[in-house]
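Structure record follows, encoded as structure tokens.
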Amino acid sequence: MAVSVGAQQLSEQDVAPLRLLAKGLPAEAVARRLRISERALRRRTRPICARLGVGAPIHAVVWAAHNGVL
């Protein structure tokens, strides 16, 4: 399922790490829960940030919360 807000579209795979980060989990714990490496988590969140026009994953979390995605 994809979530669209304005011109931005986030897949469930995009939203999953944002939900975990929003809970306050550190990157290591998020990666462990998603069963990926921390490096893979960074590779996954970088394009999300770029798509949303934000500089850091925590800003993507704020964007997602503000726009009703989380």
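FYI, it's all coordinate maths here, none of it is from the lab. These numbers come from a predicted model, not from an experiment. So basically every Cβ, Gly included, is an ideal-geometry build from the backbone, and we count neighbours across all protein chains shown.
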So what's the chain giving for Rg/Rh, alpha carbon basis, Kirkwood Rh from the mean inverse pair distance?
0.93
Rounded to the nearest 500 deg cm²/dmol, what is the calculated helix-only ellipticity per residue at 222 nm for the chain, with -39500 (n - 2.57) per DSSP H run of length n ≥ 4?
-19000 deg cm²/dmol
Going by alpha carbons, how many degrees (0 to 90, nearest 10) lie between the helix axis of 38-52 and the longest principal axis of the chain?
10 degrees
Let me check I've understood the local charge: for residue 50, count other residues with C-beta under 14 angstrom from its C-beta, Lys and Arg +1, Asp and Glu -1. What total comes out?
+4
If I take every Cα pair under 8 Å that is 6 or more residues apart in the chain, average their sequence separation and divide by the length, what percent do I get for the relative contact order?
31 percent
